[in-house]
Each structure stands twice: as C-alpha cells, then as structure tokens.
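The values are calculated or read from the model by the stated rules, or taken from the named source; none is laboratory data. Bear in mind that the values here come from a model prediction, so they are computed numbers and not experimental data. Cβ sites come from the backbone with ideal geometry, for glycine too, and all protein chains shown count toward neighbours. These accessible areas exclude ligands, DNA and RNA; they are computed on the full protein's heavy atoms, side chains included. Shrake-Rupley method; radii C 1.70, N 1.55, O 1.52, S 1.80 Å.
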Amino acid sequence: MARVVIIGAGIVGCALADELTERGWTEVTVLDRGPLFATGGSSSHAPGLVFQTNPSKTMTEFAAYTVAKYTALALDGEPCFQQVGGLEVATTPERLAELKRRHGFATAWGVEAFLRTPEECVALHPLLDPAQVLGGLHVPTDGLAKAVRAGEAQARAAIARGARFLGGHEVTGIAQDSGRVTGVETNEGHFPADIVVSCAGFWGAKLGRLVGLTVPLQPMAHQYAKTGPLAALAGQEIEASKPILRHQDRDLYFREHGDRLGIGSYAHRPMPVDVDGRTDGLMEFTPEDFAPAWDDAVELLPALADAKAEDGINGIFSFTPDGFPLIGEHRDLAGFWVAEAVWVTHSAGVAKATAEWLVDGRSTTDLHECDLHRFEEIHLAPDYIVARGCQNFVEVYDILHPLQPMESPRPLRTSPFYPRQQELGAVFLEANGWERPHWYEANAALEAPAVPERDAWSARYWSPIAAAESHATRESVALYDMSALKRIEVSGLGALDFLQRLTTSNLAKSVGSVTYTLLLDFAGGVRSDLTVARLGEQRFQVGANGNLDLDWFRQHAPAGVALRDMTPGTCCLGVWGPLARELVQPLTREDFSHKGFGYFRAKHAYVGNVPVTAMRLSYVGELGWELYTTADNGLKLWDTLWEAGQRHGIVAGGRSAFNSLRLEKGYRAWGTDMTPEHDPYEAGLGFAVRLDKGDFVGRSALVDRAEPARRLTCLTLNDPAANVLGKEPVFRHGTPAGYVTSAAFGYTIGRTIAYAWLPATEPGTPVTIEYFGEKLPATVAAEPLFDPQMARIRR
C-alpha cells in the first residue's frame, strides 16, 4: 500500500484523505503549517457558496458531487451544508438572456434549475427590490458549505480508517532519490512517503518551487464584508433561510449570517498577492475599494440602506491562467502530485477525481481541462500567470462568449504567415496562445451563398465572410494556416513498437503512409485522436491535439525512443479545394496525381524552392494536402502558393469557415466532441480501432463491448435561420436527453449542423435544442452530410 503524505489540511486535503482512505489507502498523513482545521488558508475564510451551474461539464460535476457529499455530512450533530438554494438575478436584458443560457448549461449537465419571474425572485428572497429585477435563475440544490466543519468531518472519517492529521508542521523540503519522491521534510522531522500531494492552496506555487515545478496559480485578494444587524433579518434563529444570491451585473454575491448579511465583491481592482512569508490568507480590508460595491448592494437590497459594512476582509484565493484547477503528477519527480487552485465549490469533486486517478489510474470525470500539463511553456511565464490571473478575477461574473479571447498579453504565438494574414485583414482570435485568423476582411467582396441573419449572440465573433471562404474552398482553392496544431516527432529504435502500443490503428505500414488513429486510456476512453505519418522506418510525425498528448507520450516512451515537439520550429498550410492539384502540381517535380500520391500518403517534395513534407489529408472534405516546412521557409511557402494561385482564384480561409466545412463532413474535434468519457464506438470512430493488430492501451476494455447505448449524433436544425453554438441541452419527447458538442452553420447544406451526445437514435428522429430558453426543432441526420462517397477527396 502506498504511503501518502498530503500537504495542506484545508478542505481539499481533508476531502482527499477521506476519498483515499475510503478506497483502502489508509497509510495517509496530512500535514499543515497551521492549526487543525482552521489552518489559515482559503478554507478558513471562504464564504462557502456552492453554485453548481458552469459552462464546463467537468466543473459542474465537481460541484454536484460536492453538494451531494456535504449534504450528507455532519459534525457533532451540526450540518456541513445548508441547502438553501441559489438564485442569480438579472437587472439588465443582457444578463436575463445569459441566465437563460446558464439554465441550458444546468439542464445539459443534469442539474435541476428553474427560470424565475421577478415576482418569484422576490418571493424567494424578499430583500430584493422588485423594481430592479428582470428575472432569475434558481437552483434549489445549491447552498452553503461550512468549509472548516466539512473539512474536519471528512478528516475524522479518514482518521477512523487509519489516517493521521498533524498541525504545526511546516514543510521545508521534499526528499527524493533517483527521480522519485521518498518523503517530506518538516520543522518537526521527516515523513517517509511514496506519494506526496500538494493541496496547499494559494501556497501551492511556493511549494512547487521546492521541487522545480511551476504551479501556474496567482493568489488574488477578494473582498468580503458583513453588515451590522439588519432589521429585515431580526429574530432569525438560523444562519440562513434564503437562497444564496448573485448580482452578477455588479459583480456581487450575498449570503446570510443570522441577522447580518455577507457581501462578496469582484468589482474592485485586481489585487495580486505575493504570499511568500504569509502565514494566513487574510489581508487588511480596504474600504475605499468596497465603497462602490456597497452602493450597488443597497440599490438591489434597499434593506441595507440603514446599515453599513463591518468586519470586512481581503481574503486570498487562487486563480489560474484559464480558470480551471490544477491536478496531476510532476513529470520530473515521480510521486509528487498537485491538487491546487480548487475552491470550496469543487473541493469534494476534485478530491474524488484525484483519488480515483491515484488509486485506479483514471478519473471517472474527464480532467483534460484541469490537467497540470495542459499548458505550453509560454503559459508558464511569471508575468503571463499574473496577467491572466488578474483578468480571470475581473471576468468571474462577466458574460463571456464561447469564442471570446483574452485581450492581453497578445500576441504571443504567431505563425510565419502572420504578416501576410495581417495584410489580408485577418480577424484573429486566440487558441492556446496562437493568433488564428477566423476570417479575412479581404474576402468580403467574394461570391457567397445567402446566409440568414443571425441573432446578436451567435453573430459575435462571426462574419458572413466565412460563407464566402467556405464557398471558395468548395469551388476553387483556399489556404488554411494549420500551424497551431501540435506536431511531435517520434524516432529511434523501437519507435514503431512504441506507437503501436499506444494507438488503436495498425501503423506497421510502408514508409510514406499516414494513419488516422486514437489514443485511449486503460478503460478505453478516447484521450486524443492523431494522424501519424511514417516518414522513415523508425521516424514518425504525429499530428496531435496539444501538450497533453506529448505528456502521455513522455510518460510511456521507453529508452531509445526520442520525442521532439516540432511545433515551434515548423509551420503548416492546408491547401484544399477542387483546384488544389492544378495549383500545386506545376510548382513541384514530384507526382501529385491521384495515382502518384494517394490519399493518406506522405512524401518529401519541393514546392518552388521550399522543402516540404506533403501529406494528402483533408479536414474540410476537399482535395488537397497539408504542406509542412520549417518556420524559416514559411513565408516563402505562402508567397509561392499565393502568387501561383492568383489565376485559380485562391483565397485565405479562416477557422470559422474551417469549422463549418469539417462539420459538414462529420469530422470530430477531440476535447469538444469526444473526451475520455467516451469510447471509440460511441464517438463513431470504430473504424480507427484494429483489435486484431495486437495489444494496445485500452484494447482489453473494448473487447466484447456491448452495442453503444449512446452515440455522438448528427443533427440539423429545421429552421435555416436558427443557430446554436454548443453545450445546449437536447430534448427527446420533451425530456432532456443529451447535449450539443460542436455546432456551426453549414454553408454548403444551408442550415445549422449540431453534433450531440444522445441515446442511440435513428436518422429522421425529431428532437429539440434549447437555445436561450427557446426550443428549436431539429432532426437526427445520417452522416456525413456532404460527399458521403468521399469522391471529392479521392480524385
């Protein structure tokens, strides 16, 4: 049995000890520098609000588990959770629409929620000014977690199974030998360990530095104050009777403390904190920062007019560059794990997922958004962590569009084509630090199919120019910048066997072959999808989805197999369309005919004077190639193709058109359409699985797997003018049945396409999709919607 030391006895450390010991790992020691269980960290002063609704399915699942677990917990007869419900109110039309969207999230992820009228909101929370409220979102199962009490209750359960908790133990070092953790050094002595988990909260980055690990979290001060006694709450004998309340239009939340009201504010200036040398998470209250928030609070809750803010704090909480927790193992020090940047809302859910990962090797909740190794090196710059942490603080309650990029710091990563894209009026959005064109203003005058007028929300970060770019790709030829996709070189003796072991398809093909394949976890869940080009007997170029794929390779690569992230030094142009061969063939001496360069093949060639690795692939469903070259040759490659393409009507295409084209072909996007929660057969990717090729990771979980009860399903909206964007709930027979993953208007087919996870359903079946509270009729469709015979690609 593994000896585990957990650093931090806040609510996450306590929950993790409980979850581990419940699974039979009882040699668990929890250390904290402070007293037990009010240790001085965020748990000690957190107001304890648990709102479950979140755009992320994973974060919603974390919160729902936290609610279920803490509702059943008590300490010395006192409850650990008060299920008073949660109420988010709208005071602007924009927020009212947003609450309808959030109601869709809740429905999609299985949380019961209700849209309430202004009168119903006031009935739920009588302190509200009826004149201010336009409506609300009510989740009856939300409530208040008593963080210190819940922590101690879980600790007692863990202690009963053999765990021990020690306060007053400050960690001074992590003992290690030959790349593995061996123990923890403290001011009170040495504690041997096989696994160490950092649950140190806002001290997590400092602890990471002890082992050379960048933990990208930024401690931020957040204001919270209690009023004096309120006449409107006089005589209240229980701590809280009304729903916890959010006034997101003013970055405020409220909760009762008997006859007083607690008010939290995200409206003040960002206050990043250096926690080195700090022994607790409480900073001096700054009334001048709170004054505007108080005025906004009184406007919503007139009962505050005769009161004032008292007992204020500036409490420290953790923020990350993308707003998600940090969970995972140090790659250079085996056995050192982190579970950081976790708020009370998600504490039990994160602890459960971490315990499952440690004990079973896999969490039952998809963790790709939370994986410690999701960040690229550029995201770990100290200034970047501070800047994005501050921005996430500012945006906690903002209405954020799914395509809305961070504004700063930018630009960070640009392809060699960036100057030419700017000249063409590219409108850039950001993805993983990359500047990616979504459309080009230079294409505004191009011929395009008629596009229905969009609603204001779906029209944000979109342009009808995308229709023109899609049309040009289908009718002539277009260039797409594919440089942002992760490229990994796998080489050395044993490279083929290594890739065969990790992937689902048979890669033992001739040099020059390209194979679409999957990475599975050991339970058969889809970790990623890849394209693997065999460029030599033991040299492969892997087209991956991101840093997590490289991390998975590094975890499993044997001695003798070399891995190299090629992305920073290379670039890629997709050249696609019916005229792609007419463009490329005159520029090269290699045979680019269908017979001479078959589909899913690769070869080295010169395009003009530029050396390229050409792969005959198409993610848009048209004839063409992905052309890879080194970054120093990128601009020349663009210019060579662009100049030669003028006679063919060449255009540059952006991600907006690209997404539309790929959905018309039914091509999946990992992390959006499928995750480790799904197996290949459910995701419609069974063709990429070769059970007869020999053993591979996940194979045993797929053998004899039953016919899928759910499937990734193609839908088309019945009304050509209707749009959805993703994460909306889908209904069958009036009952929630699933949720949308990807969606886009299909410019070739003339209506919106939505892929959704649903119970196995026959084409032609009617369903509805809820979009901002409106039920939009849709129909299950056979896929792919465009060129099912693949004639356009294979010519």
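Numbers below:
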item: Residue selected from region 764-780 under the condition small (Gly, Ala, Ser) and open to solvent by 20 Å² or more (accessible area, probe 1.4 Å), by the criterion nearest to the chain's Cα centre (by Cα); result: GLY773
item: Matching option when the condition is open to solvent by 70 Å² or more (accessible area, probe 1.4 Å) and either of a type in the set (Phe, Trp, Tyr) or not in a strand (DSSP E or B) (or both), among GLU112, GLU152; result: GLU112
item: Where a residue in region 387-408 is at negative phi and its partner, wherever it lies, is open to solvent by less than 20 Å² (accessible area, probe 1.4 Å) and of a type in the set (Gly, Ala, Ser), with Cβ under 7 Å and at least six apart; result: PRO402/GLY726
item: Region 256-283: number of residues that are more than 30 Å from SER241 (Cα to Cα) and of a type outside the set (Gly, Ala, Ser); result: 11
item: ALA123, sole failed condition from (1) part of a helix (DSSP H, G or I); (2) hydrophobic (A, V, I, L, M, F, W, C); (3) buried (at least 22 other Cβ atoms within 10 Å of the Cβ); result: (3)
item: Subset of region 621-663 (residues that are β-branched (Val, Ile, Thr) and assigned to a loop (DSSP other than H, G, I, E, B)); result: ILE650
item: SER241 being of a type outside the set (Val, Ile, Thr) and open to solvent by less than 60 Å² (accessible area, probe 1.4 Å); result: no
item: Some residue of region 273-289 being modelled with pLDDT of 95 or more, out of contact with any helix residue (DSSP H, G or I) (no Cβ under 8 Å at 6 or more places or on another chain), more than 25 Å from THR39 (Cβ to Cβ) and open to solvent by less than 60 Å² (accessible area, probe 1.4 Å); result: yes
item: Scope region 512-534; condition assigned to a strand (DSSP E or B) and surrounded by fewer than 21 Cβ atoms within 10 Å (Cβ to Cβ); matching residues; result: SER513, TYR516, THR531
item: Qualifying position, being closer than 11 Å to VAL139 by Cβ and under 25 Å from the mean Cα position of the chain (by Cα), among GLU98, GLU94, GLU112; result: GLU112
item: Region 737-795, residues that are assigned to a strand (DSSP E or B) and among the charged types (D, E, K, R); result: ARG751, GLU770, GLU774, LYS775
item: Scan of region 625-651 for residues that are touching a residue at least 60 places away in the same chain (Cβ under 8 Å), buried (at least 21 other Cβ atoms within 10 Å of the Cβ) and more than 29 Å from the chain's Cα centre (by Cα), ordered by number; result: GLY634, LEU637, TRP638, LEU641, GLY645, ILE650, VAL651
item: Cβ-Cβ under 6 Å pairs, at least 6 apart or on other chains, region 775-795 side under 15 Å from ILE749 (Cα atoms), far side of a type in the set (Gly, Ala, Ser) and in a loop (DSSP other than H, G, I, E, B); result: GLU783/GLY666; PRO784/GLY666; PHE786/GLY621; ASP787/GLY621
item: Search result, residues across region 294-350 that are assigned to a strand (DSSP E or B) and of a type in the set (Val, Ile, Thr); result: ILE313, ILE316, ILE327, VAL338
item: Test: residue in region 503-511 that is among the hydroxyl-bearing types (Ser, Thr, Tyr) and surrounded by fewer than 19 Cβ atoms within 10 Å (Cβ to Cβ); result: yes
item: Members of region 667-698 that are open to solvent by 10 Å² or more (accessible area, probe 1.4 Å), aliphatic (A, V, I, L, M), within 14 Å of ASN506 (Cα to Cα) and in a loop (DSSP other than H, G, I, E, B); result: VAL689
item: Search result, residues across region 460-496 that are aliphatic (A, V, I, L, M) and open to solvent by 40 Å² or more (accessible area, probe 1.4 Å); result: LEU485, LEU493
item: Pick from region 699-726, criterion farther than 18 Å from GLY525 by Cα and in contact with a Gly (Cβ under 7 Å, 6 or more places away or on another chain), ranking: least open to solvent (accessible area, probe 1.4 Å); result: CYS714
item: Out of LEU96, LEU137, sole residue that is crowded, with 20+ Cβ neighbours inside 10 Å and assigned to a strand (DSSP E or B); result: LEU137
item: Long-range neighbours under 6 Å by Cβ, at least six apart or interchain, first residue free of Cβ contacts under 8 Å to residues at least 24 places away in the same chain within region 685-704, second not aliphatic (A, V, I, L, M); result: GLY686/PRO680
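So that you can scan it fast, the table gives a plain yes or no per residue for (1) modelled with pLDDT of 95 or more; (2) open to solvent by 10 Å² or more (accessible area, probe 1.4 Å):
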{"residue": "MET1", "(1), (2)": "no, yes"}
{"residue": "VAL5", "(1), (2)": "yes, no"}
{"residue": "GLY8", "(1), (2)": "yes, no"}
{"residue": "GLY13", "(1), (2)": "yes, no"}
{"residue": "GLU19", "(1), (2)": "yes, no"}
{"residue": "GLU27", "(1), (2)": "yes, yes"}
{"residue": "VAL30", "(1), (2)": "yes, no"}
{"residue": "SER44", "(1), (2)": "no, yes"}
{"residue": "SER56", "(1), (2)": "yes, no"}
